[in-house]
Ligand code: ADP
């Protein structure tokens, strides 16, 4: 008998819809909770990409309309099974979710009706539970897209007998994305006026969906302990550090994990050869295949190959990368970059890659399989994020024997042990001062470590 019922309400779930690590966590964490004995179910919008990739659905009884401001929207609810067999429910509303992207396009930015899209999704949580006659013990909400559900629970749902025993947990995957909209949108939420206050969703005259999650949830979590502390200071708090300080007794930092079935070099079907920590030979073949795929000549295969897989966003450190690139290309290394997102950053990185074709190659797209091939084929993984709530790629890198070079911040700091400080237990290289010298010196240290094959192999095995 599974006693704890968890409804995982989230705006993306891999492999159906993904822009970043949130989707990976939404795929992996519910399964882990299921193994711990919870009755876990997932709820997400039916985006076009999800509709295209999910083969079989059943249709749940249609809920009554959902009221957003003065509009009453007809929606549909569908049920399927996630890749790991858990119940996955989807909110159907073509006008809102049947689009090329999840939240906006690289060239035109966020969709203008994102408030309506995610108010509707948040309100539909109640409709889903009523339709199923299944009420969660824990309503697990994630990021700004579901922040308002905490407010609906606080003001309305928890007063209903069916929800009387449910509690809300809100996980901050990235505090920088807050879903902030002009105050005039508040009327769309149908929350009581008292919610539009300093203690509520009001934020400098605007309506802040993430803040709703922060102030109205029963408990808050972040995706790493270090980030949980960092966001309580003004440098990392994105204007909400005061709110977080007030709620610090209700805030836990829990390091994300990875799905070891999806990210396993021993079984990964996307990569040229399988390998594991005791049989690393296959990794060499993965490197050769990756070099060929990016058009690097085979006779350079003794040079270290660095990989980057990233959303194209300022957060990911492309500014610092562009600062050092002219010096970087003088070092004995090659670099492959896989990135999608901000069009302007993409163009800048493409320009430098075109300038230095002997050293840098870039693939400017979102390509899940290529991400696996880079993790397997690269010797080192570069992650110079300005800040990083958790970061998953450094953990995938650890799993693939691909040594991470990271800025000592947030989850990068929590998950990588600096081999420069801990020679026998270290797992990667960290830089502590966020400037060109800090990053370049650390890359140089990694390159010099790479020359000692014995030490390097020991590090990879760890
Ligand atoms: P964030 O969520 O901030 O983007 P994370 O490191 O937590 O960063 O997670 C990023 C996830 O998205 C990883 O699974 C990574 O492999 C994937 N990813 C990022 N960019 C791309 C891309 N261009 N192509 C394929 N996968 C990508």
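Translational diffusion coefficient, Stokes-Einstein: compute it for region 313-462 using the Kirkwood radius over C-alpha pairs as Rh, at 4 °C and 1.567 mPa s, and state it as an integer in µm² s⁻¹.
83
Could you state the angle between the C-alpha long axis of helix 368-377 and the longest principal axis of the C-alpha atoms of the chain, as a value from 0 to 90 degrees rounded to the nearest 10? Once rounded, one gets 30 degrees.
Over region 349-403, one equal point on each Cα, no solvent: what is log10 I(q)/I(0) by the Debye formula at q = 0.20 Å⁻¹? Cα-only, vacuum Debye calculation for region 349-403: -0.89.
With Cα atoms as the point set, region 229-295 shows a radius of gyration and Dmax of 20.9, 54 Å. Can you tell me the orientation of helix 21-35 relative to the chain, as the angle in degrees between its alpha-carbon axis and the longest Cα principal axis, to the nearest 10? It works out to around 70 degrees.
Where does each of 95, 202 land when they are ranked from fewest to most other beta-carbon atoms within 10 angstrom? The partial results should precede the final answer.
Working: 95 13, 202 16.
In order of increasing Cβ crowding within 10 Å: 95, 202.
Multiplying the residue separation of residue 435 and residue 167 by 0.36 nm and removing their Cα-Cα distance gives an extension gain of 92.2 nm. Restricting to bridges with both residues inside the chain, how much of the DSSP beta-bridge set is antiparallel, in percent to the nearest 5? Looking only at bridges with both residues in the chain, the antiparallel portion is about 30 percent. Stretching the chain fully between residue 323 and residue 73 yields a gain of 85.1 nm (0.36 nm per residue, less the alpha carbon separation). Using equal-weight Cα scatterers in the Debye expression, the normalised intensity of region 330-374 in log10 at q = 0.19, 0.22 Å⁻¹ is -0.60, -0.77. Where does helix 318-328 land angle-wise versus the long Cα axis of the chain, in degrees 0 to 90, nearest 10? With both axes taken from Cα atoms, the answer is about 0 degrees.
Each residue, residue 424 and residue 204, gets one label point 7 Å from its Cα in the Cβ direction; the gap between the two is 5.1 nm.
Kirkwood radius and radius of gyration were both taken over the C-alpha atoms of the chain, and their ratio Rg/Rh is 0.98. D by Stokes-Einstein for region 165-318, Kirkwood Rh over Cα pairs, 37 °C, 0.692 mPa s: 169 µm²/s. Between residue 52 and residue 235, the modelled labels are 4.2 nm apart [label points 7 Å from Cα along Cα→Cβ]. Counting neighbouring beta carbons within 10 Å and listing from fewest to most, the residues 269, 217 come out as 269, 217. Rounded, prolate or oblate: pick one for region 6-107, where a ≥ b ≥ c are the square roots of the eigenvalues of its C-alpha gyration tensor, a/c under 1.5 means rounded, and failing that, prolate if a/b is larger than b/c, else oblate. Oblate shape, in that a/c is at least 1.5 and b/c is the bigger or equal ratio.
Over the C-alpha trace of region 245-339, radius of gyration and Dmax come out as 18.2, 59 angstrom. Where only DSSP H runs of four or more residues are counted, the chain gives -10000 deg cm²/dmol as its mean residue ellipticity at 222 nm, each run worth -39500 (n - 2.57). Would you work out if region 69-111 is rounded, prolate or oblate? Take a ≥ b ≥ c from the square roots of the eigenvalues of the alpha-carbon gyration tensor; rounded if a/c is under 1.5, else prolate when a/b is larger than b/c, oblate otherwise. The shape class here is oblate.
At a Förster distance of 25 Å, what's the computed FRET efficiency of residue 278 paired with residue 369, Cβ-Cβ distance as r, to 0.05? All intermediate terms of the calculation are to be shown ahead of the outcome.
Working: r = 26 Å, r/R0 = 1.02.
Plugging the Cβ-Cβ distance into 1/(1 + (r/R0)^6) gives 0.45.
Rounded to the nearest 0.05, what FRET efficiency is calculated for residue 156 and residue 261 with R0 set to 41 Å and r the Cβ-Cβ distance? Using R0 = 41 Å, I get an efficiency of 0.55.
Within a 10 angstrom radius of the beta carbon, how do 220, 148 rank from fewest other beta carbons to most? Can you show the working numbers first?
Numbers: 220 24, 148 31.
Listing 220, 148 from fewest to most nearby Cβ atoms yields 220, 148.
In this label model, residue 252 and residue 457 are separated by 4.2 nm, measuring between points 7 Å along each Cα→Cβ vector.
Bear in mind these aren't lab numbers, they're just calculated from the coordinates by the rules spelled out. A quick note: this is a predicted structure, and the numbers were derived from the prediction, not measured. Every residue, glycine as well, gets a Cβ built from its backbone with ideal geometry; the counts of neighbours run over all protein chains shown.
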